[in-house]
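K.L.:
Can you read through this structure? Questions will come right after.
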Amino acid sequence: MRNKCCCLQKILCAMMAAFLLAASLTAFAQENGYTFTYRSGSYAAYDQQHATMPFPMTEIRLDGPAGEAVDGVRCSVQQIDGGEALVWDDQKGSVTWSFNVAEAGRYALAIDYYALPGVGNIPEYELCIDGEVPFIEAQQLQLTRLYQDAVTVFAQDNMGNDLRPSQEEVYTWQTSDLYDVNGYVNGSYLFALEAGEHTLTLTAIREPVAIASLCFHNAQEAPTYADYSAAHADMAQGADTITIEAEHALNKTSTQLYPISDRSDPMTSPSDPIAKKLNTIGGENWATADQSITWEFEVPADGMYNLTFRFRQNFLRGMLVYRNIQIDGETPFREMAQVEFPYGVSWQTTTLGGDEPYAVCLTKGTHTLTMTPTTGNLAVLMARVDSVVNDLNTMYRRIIMVTSATPDLYRDYFLEESIPGLIDNMAMLAAELRSVEQQVQMLTGYTGTEAASLVRLAEQLESFAARPGTIPSRLSTFRDNIVTISTWMQTICKQSLQLDVIYFTPAGGEIPRTASNLWENFTYQAETLVGSFTTDYETVGNAGEGDTVIDVWIASGRDQAEVLKELIDSGAIGQLVSIQHIESVGYWHMAHSFVRGNWSRSEDSCPMILAKCCHDTDILTWLAGSSCAAVSSFGSLAHFNAAHKPDGATEYCLDG
């Protein structure tokens with residue numbers, strides 16, 4: 001008994017010692033000279049390196065047609081929509097501009113461009129300054145295209161369901177700063193330029209564009225709301241409430257931002273308990289920094305207005321999502337650069353400024369409102385985690401170079417000696433993960449499950465640092481935890497948001513009611529329940545009395561079927577000439593159904609095209625929108641026949 005107690009004491013002492021060592025290593029990393037460095041070559045490291053450079057307010061403008069084609073790239077100077085531009089339709093090669101910098105500093109780079117017809121992809125380019133890529137992200141810079149709904153009033157089928165409008169491209173001049181689409185950087189990329197002569201080279205990756213000009217610049221920083229409010233103190237209260245139905249956008253920068261339907265709440269506008277109404281926009285598809293939505297609205301009179309949104313953010317559990325909001329292409333005050341939308345399972349209403357609402361100055365006439373996803377306060381944290389993940393992947397590769405991917409569990413690899421600095425690096429990375437987790441907790445207000453993976457990996461690194469001999473036996477878990485962190489980063493950077501209605505209300509005035517009461521909710525749900533017994537939710541498109549109706553079996557959902565049918569009927573893909581439709585038959589299905597099963601003999605069953613493909617012919621008839629003129633089938637037994645009978649096999653399978 002005494003020996004058992006002694007053993008238990010030793011185990012407890014060893015566990016305590018390991019815990020104290022891990023804690024001391026993390027504390028040492030946090031308190032004694034640990035300086036976090038971003039991933040080498042990343043924009044975060046580039047920005048950190050040039051942090052002391054000023055932000056000159058001068059502009060350096062490069063004329064688009066002045067660009068020089070490199071190695072015979074096909075481009076020309078043409079008039080495009082009223083402006084002279086360098087038309088670059090080769091979709092390959094490079095173009096170089098020379099320019100002079102009078103004042104050293106960091107500059108944003110804006111491109112005035114016209115996206116030319118292509119295959120519909122986002123234009124992408126690599127950028128070099130003086131022949132070198134300044135940071136990794138500059139190897140793949142994106143410009144956006146503009147799209148709009150093909151109709152302003154949604155068409156309906158004969159059952160009252162709204163039909164999703166197709167998205168058509170808007171060809172027009174656009175001006176855009178180069179920015180990070182991954183969500184690790186808020187705002188524009190800033191390029192460090194010394195005084196003197198420089199060259200800028202763009203290399204095409206995909207899609208043609210016309211470039212009118214490029215401009216290195218620094219925009220005047222938006223004022224705080226306190227300064228903005230003081231500057232408009234004499235402005236009167238606005239006149240009437242302005243209501244913007246979010247599904248009716250002026251334009252958007254992605255074809256994925258189409259109107260969507262929601263029937264979860266009677267206050268969603270417009271609402272119908274039975275028919276499908278396209279009454280919201282966004283959702284899971286509206287998530288990244290290259291997806292802006294713009295609305296146009298009329299202001300009846302000059303004045304100050306509060307801005308209110310009816311939204312749903314049930315995508316990023318326990319976290320905030322952010323939007324950069326611009327009016328007429330500009331951010332009125334600093335607080336609108338990253339507006340927070342909290343998590344909630346149902347529809348919510350928020351007014352900018354909360355209990356002390358912000359008031360926006362609007363003049364009489366037509367204005368635009370633009371909302372763009374941004375990671376807000378999380379951007380810096382995501383850049384830090386990205387660097388940690390890069391270091392962890394490097395560490396994992398160095399470890400398996402010693403141990404292999406499947407280490408011998410009974411061998412001591414002496415990793416702390418084979419890989420100099422391994423233990424210190426583990427402690428420092430653990431400290432960084434804990435620091436990020438604490439800041440995430442400060443932003444969200446509580447400890448959520450979304451950041452638990454950060455703590456889990458930090459604890460494992462501390463455990464590795466305390467007991468290096470256990471690293472080989474836990475390598476697979478270490479690898480899985482790194483993957484989990486990478487997945488967490490991707491999840492956080494997807495800032496999904498669904499919008500129903502946007503209100504501009506006179507400053508200090510009443511906000512329209514946006515929440516349903518108990519009776520309204522009960523009535524709505526009851527009508528939905530009753531309607532489910534009388535409405536045919538399986539029918540897609542128009543079907544009238546006396547029409548021939550066919551049953552179509554399709555593996556994908558209703559939305560996919562509607563889009564496919566709409567593409568064919570609208571002529572968007574041209575005239576339908578032929579359809580290649582493949583119905584695969586697995587070898588197991590062939591064996592048990594068509595060799596041994598009910599369809600093994602043509603005398604006792606129907607042809608294979610009928611047995612296996614009857615629903616496929618239904619789909620083809622429905623897609624083509626015409627009746628079938630003739631059906632033919634051909635084939636033969638190429639494998640399951642007497643010629644391929646195995647040696648020693650019986651005449652019939654069941655006889656063996």
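The values are calculated or read from the model by the stated rules, or taken from the named source; none is laboratory data. Bear in mind that the values here come from a model prediction, so they are computed numbers and not experimental data. Glycine also receives a Cβ, built like all others from the backbone with ideal geometry; neighbour counts cover every protein chain displayed. In case anyone asks, the SASA skips ligands and DNA or RNA and just uses the protein heavy atoms, side chains included. Shrake-Rupley method; radii C 1.70, N 1.55, O 1.52, S 1.80 Å.
K.L.:
For residues that are under 19 Å from His367 (Cα atoms) and either modelled with pLDDT under 95 or acidic (Asp, Glu) (or both), tally how many sit in region 305-330.
P.N.:
3
K.L.:
Hey, can you tell me all the residues within region 119-140 that are in contact (Cβ under 8 Å) with a residue 40 or more places away in the chain and assigned to a strand (DSSP E or B)?
P.N.:
Of everything in region 119-140, those that are in contact (Cβ under 8 Å) with a residue 40 or more places away in the chain and assigned to a strand (DSSP E or B) turn out to be Glu124, Tyr125, Glu126, Leu127, Cys128, Ile129.
K.L.:
Say whether the condition of being at pLDDT below 90, surrounded by fewer than 18 Cβ atoms within 10 Å (Cβ to Cβ) and either of a type in the set (Gly, Ala, Ser) or touching a strand residue (DSSP E or B) at 6+ places or on another chain (Cβ under 7 Å) (or both) is met by at least one residue in region 191-205.
P.N.:
Scanning region 191-205 turns up no residue that is at pLDDT below 90, surrounded by fewer than 18 Cβ atoms within 10 Å (Cβ to Cβ) and either of a type in the set (Gly, Ala, Ser) or touching a strand residue (DSSP E or B) at 6+ places or on another chain (Cβ under 7 Å) (or both).
Table: residues versus (1) loosely packed, with under 15 Cβ neighbours inside 10 Å; (2) over 27 Å from the mean Cα position of the chain (by Cα); (3) under 23 Å from Ala212 (Cα atoms).
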site: Glu103; (1), (2), (3): yes, yes, no
site: Ala110; (1), (2), (3): no, no, yes
site: Pro117; (1), (2), (3): yes, no, yes
site: Pro123; (1), (2), (3): no, no, yes
site: Leu146; (1), (2), (3): no, no, yes
site: Ala150; (1), (2), (3): yes, no, no
site: Gly160; (1), (2), (3): yes, yes, no
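K.L.:
Would you be able to tell me the number of residues in region 347-380 that are within 18 Å of the chain's Cα centre (by Cα) and open to solvent by less than 30 Å² (accessible area, probe 1.4 Å)?
P.N.:
Residues flagged as within 18 Å of the chain's Cα centre (by Cα) and open to solvent by less than 30 Å² (accessible area, probe 1.4 Å) within region 347-380 amount to 9.
K.L.:
Can I ask one more? For region 476-514, which residues satisfy the criterion of being surrounded by fewer than 21 Cβ atoms within 10 Å (Cβ to Cβ), part of a strand (DSSP E or B) and among the aromatic types (Phe, Trp, Tyr)?
P.N.:
Correct list: Tyr503 only.
K.L.:
Collect the residues in region 73-88 that are open to solvent by less than 70 Å² (accessible area, probe 1.4 Å) and either within 31 Å of the chain's Cα centre (by Cα) or not hydrophobic (A, V, I, L, M, F, W, C) (or both), keeping them in residue-number order.
P.N.:
Scanning region 73-88 gives Ser76, Gly83, Val87, Trp88.
K.L.:
Still on this model: Any residue in region 284-305 that is at positive phi sitting within a Cβ distance under 6 Å of a residue that is part of a strand (DSSP E or B) and open to solvent by 30 Å² or more (accessible area, probe 1.4 Å)? List the pairs, counting only those 6 or more apart or interchain.
P.N.:
Gly303/Gln237
K.L.:
Looking only at region 382-441, filter to residues that are basic (Lys, Arg) and in contact (Cβ under 8 Å) with a residue 12 or more places away in the chain; which one of those is least open to solvent (accessible area, probe 1.4 Å)?
P.N.:
Arg384
K.L.:
So, in region 608-655, how many residues would count as being farther than 17 Å from Glu583 by Cβ, open to solvent by 80 Å² or more (accessible area, probe 1.4 Å) and not aromatic (Phe, Trp, Tyr)?
P.N.:
The qualifying residues number 17.
K.L.:
Considering only residues that are assigned to a loop (DSSP other than H, G, I, E, B), closer than 20 Å to Leu567 by Cβ and among the β-branched types (Val, Ile, Thr), which ones fall in region 579-635?
P.N.:
Ile579, Ile582 - these are the residues of region 579-635 that are assigned to a loop (DSSP other than H, G, I, E, B), closer than 20 Å to Leu567 by Cβ and among the β-branched types (Val, Ile, Thr).
K.L.:
Mind telling me which of the residues Ser229, Ser166, Ser213 ends up being under 27 Å from Cys361 (Cβ atoms) and touching a residue at least 24 places away in the same chain (Cβ under 8 Å)?
P.N.:
Going through Ser229, Ser166, Ser213 in turn, the sole match is Ser229.
K.L.:
Sticking with this structure for a sec: For region 599-656, name all the residues that are polar (S, T, N, Q) and in contact with a Phe, Trp or Tyr (Cβ under 8 Å, 6 or more places away or on another chain).
P.N.:
Scanning region 599-656 gives Ser600, Ser605.
Table: residues versus (1) modelled with pLDDT under 75; (2) under 30 Å from Ser346 (Cα atoms); (3) open to solvent by less than 80 Å² (accessible area, probe 1.4 Å).
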{"residue": "Asp536", "(1), (2), (3)": "yes, yes, yes"}
{"residue": "Arg558", "(1), (2), (3)": "yes, yes, yes"}
{"residue": "Ser578", "(1), (2), (3)": "no, no, no"}
{"residue": "Cys606", "(1), (2), (3)": "no, no, yes"}
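K.L.:
So, restricting to strands (runs of 3 or more DSSP E) that lie completely within region 164-266, which ones have at least 2 residues that are over 28 Å from Val339 (Cβ atoms)?
P.N.:
Working: elements: 167-170, 173-177, 190-193, 196-206, 209-217, 242-245, 259-261.
Here the list reads 167-170, 190-193, 196-206, 209-217.
K.L.:
Output the strands (runs of 3 or more DSSP E) that fall wholly within region 294-346 and possess 3 or more residues being open to solvent by 10 Å² or more (accessible area, probe 1.4 Å) and farther than 23 Å from Gly183 by Cβ, or say none.
P.N.:
none
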